[in-house]
Amino acid sequence: MAPTEGLVPITRAYLARYYDRYSLPPLPYAATDLAARLRALSADLTAVAPIAPDEDLMGQEAAGIPAHKIDENLWKNREQMEEILFLLNTSRLPAALQQKSTPEDAEIVSKLGDIEAKLKDMLKKLEQFQLKNADNVFNTVMTYMPQDFRGTLIRQQRERSERNKQAEVDALISAGGSIRDRYALLWKQQMERRVQLAQLGSATGVYKTLVRYLVGVPQVLLDFIRQINDDNGPMEEQRERYGPALYTLTKLVLAIRLYLHVSLARYGQRKIEKDNIAVLHQAVVIYTEEFVKFTEFIGEVFVNAPFFISAEDAGAMDASRKSDEYKETIIPAGKTHEVILSVEAINSYIAWDFSLQQGALTMALDIGFHVEYISPSGEKTLILPYRRYEADQGNFCTVSVGSYKLVWDNSYSSFFKKVYQYPVYVIPVVNVDV
């Protein structure tokens with residue numbers, strides 16, 4: 001676990017001083033201008049055929065105000081890229097474009113192919129950016145967690161939770177859910193992660209039980225993640241400085257999708273004019289170029305931000321110390337020591353971490369250890385076979401409710417008592433997501 005003393009409190013004012021070092025270059029005016037032009041071209045096409053309900057919804061979204069949160073906008077951009085790529089699938093293009101009936105059709109298909117390639121590349125980069133950022137956040141929190149079985153448990157819980165979330169997405173897709181449905185679910189899952197982070201910071205919800213096991217987590221980090229969802233919390237400084245550029249890019253990709261949808265839907269009545277496909281292509285070029293610049297910039301800001309700086313870099317002092325949770329127990333020669341833990345829910349974890357005090361003897365001291373399950377009827381089942389250790393750290397996920405007995409065995413020793421320190425826990429099922 002990283003040292004925690006000497007950390008500077010993470011506040012909005014503190015982040016502001018950090019962000020002063022990172023000035024985001026302004027977007028070209030064309031980003032705003034092209035979005036307006038595409039919305040106007042889309043409106044003109046409604047004279048060809050009445051606007052459909054889904055097109056009306058797209059138009060309202062393109063003309064509206066983007067969401068305030070930066071990560072919500074990133075998800076919205078990712079959603080729009082996928083929607084555009086869905087439109088550009090060859091099987092969904094108008095018949096004239098699939099067949100390249102005329103040289104003009106062939107030229108449009110070429111431009112659309114270039115648009116598709118640029119957006120596929122941008123989508124891949126955005127996905128990688130989001131994965132990397134999520135790992136950075138999680139690993140930062142884990143840096144300040146005790147580096148023992150508790151950290152392992154949190155990682156295991158996170159992996160299981162992420163598998164469950166992916167299964168939820170897969171089920172939605174199998175049931176015929178749309179791209180919009182899928183991204184609504186993905187954003188809901190992202191907000192659940194944020195809520196759980198805030199619960200960790202304030203020791204509420206599922207963390208009422210778990211937080212007592214996270215001894216040593218710095219309060220400044222808990223205070224920060226507790227406020228992570230607050231409109232006027234520390235992250236608002238980031239939104240005010242870097243949000244407007246991202247909002248402009250969000251409006252641009254919404255306008256690109258709107259025009260592409262409306263124009264392709266009416267291609268049989270009115271083909272896309274050469275000047276208009278040029279406007280669309282220019283919009284995609286500027287959008288992808290500027291979006292790459294934004295993610296690279298914000299990625300650098302994220303990775304170097306104060307809540308990603310190690311305790312050593314923050315001027316932390318040595319904080320190595322044993323927690324009061326480590327109990328010291330003496331087992332006389334020829335005796336055993338037992339701890340019985342009651343488990344009320346399956347998939348809870350039982351965990352331990354013990355080590356023997358070694359004296360001045362040249363030989364190392366050890367102690368026998370095993371774990372067994374005792375059913376409500378009294379029947380015993382061996383969970384962890386007997387073995388002798390100088391120290392051990394371990395855990396397992398329970399498959400049955402009931403009692404679990406942990407036994408430290410010094411019965412084989414005729415002369416030497418054993419002194420060891422240990423905590424043992426029953427940790428109920430929680431999801432620790434970031």
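The values are calculated or read from the model by the stated rules, or taken from the named source; none is laboratory data. Values in this document were obtained by computation on a predicted structure and should not be read as measured data. Here Cβ is always computed from backbone atoms with ideal geometry, including for glycine, and neighbour counts include all displayed protein chains. We work out accessible area using only protein heavy atoms, side chains counted, and drop any ligands, DNA or RNA first. Shrake-Rupley method; radii C 1.70, N 1.55, O 1.52, S 1.80 Å.
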Q: Name every residue in the stretch 338-393 that is open to solvent by less than 90 Å² (accessible area, probe 1.4 Å), aliphatic (A, V, I, L, M) and assigned to a strand (DSSP E or B), in order of residue number.
A: 339, 341, 343, 350, 351, 356, 367, 371, 374, 383, 384, 391
Q: For the stretch 385-423, name all the residues that are over 34 Å from the mean Cα position of the chain (by Cα) and over 22 Å from residue 330 (Cα atoms).
A: 385, 402, 403
Q. Only one of (1) in contact with a Leu (Cβ under 8 Å, 6 or more places away or on another chain); (2) in contact (Cβ under 8 Å) with a residue 40 or more places away in the chain fails for residue 79. Which number is that?
A. (1)
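Counting just the residues of the stretch 5-32 that are in a loop (DSSP other than H, G, I, E, B) and modelled with pLDDT under 85, which one comes out most open to solvent (accessible area, probe 1.4 Å)?
To start, the set of residues in the stretch 5-32 that are in a loop (DSSP other than H, G, I, E, B) comprises 6-11, 20-28.
Applying the additional criterion that residues be modelled with pLDDT under 85 yields 6-11.
On the way: 6: 45, 7: 33, 8: 62, 9: 77, 10: 20, 11: 61 Å².
Looking at the filtered set, the residue picked out is 9.
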Q. With respect to the numbered conditions (1) under 21 Å from residue 69 (Cα atoms); (2) modelled with pLDDT under 80, which one is the sole condition not fulfilled by residue 217?
A. (1)
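State which residue is farthest from residue 282 (Cα to Cα) when the search covers only the stretch 33-50 and only residues that are buried (at least 17 other Cβ atoms within 10 Å of the Cβ) and not charged (D, E, K, R).
Filtering the stretch 33-50 down to residues buried (at least 17 other Cβ atoms within 10 Å of the Cβ) leaves 34-35, 37-39, 41-42, 45.
Retained after the next criterion (residues that are not charged (D, E, K, R)): 34-35, 38, 41-42, 45.
Values: 34: 8, 35: 11, 38: 11, 41: 14, 42: 16, 45: 20 Å.
By that ranking, first place goes to 45.
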**Q.** Search result, residues across the stretch 71-86 that are surrounded by fewer than 18 Cβ atoms within 10 Å (Cβ to Cβ) and hydrophobic (A, V, I, L, M, F, W, C)
**A.** 85, 86
Q: Mind listing whichever residues of the stretch 96-109 are under 15 Å from residue 263 (Cβ atoms) and open to solvent by less than 90 Å² (accessible area, probe 1.4 Å)?
A: 96, 97, 105, 107, 108, 109
Q | Test result for residue 112, open to solvent by 40 Å² or more (accessible area, probe 1.4 Å) and in a helix (DSSP H, G or I) | A | no
Q.
What pairs come out if I take residues in the stretch 228-249 that are closer than 20 Å to residue 79 by Cβ and at pLDDT 85 or above and pair them with residues that are surrounded by 20 or more Cβ atoms within 10 Å (Cβ to Cβ) and aromatic (Phe, Trp, Tyr) whose C-beta lies under 6 Å away, six or more apart or interchain?
A. 249/291
**Q.** Extreme residue, nearest to residue 87 (Cα to Cα), among residues of the stretch 159-177 that are open to solvent by 50 Å² or more (accessible area, probe 1.4 Å) and part of a loop (DSSP other than H, G, I, E, B)
**A.** 176
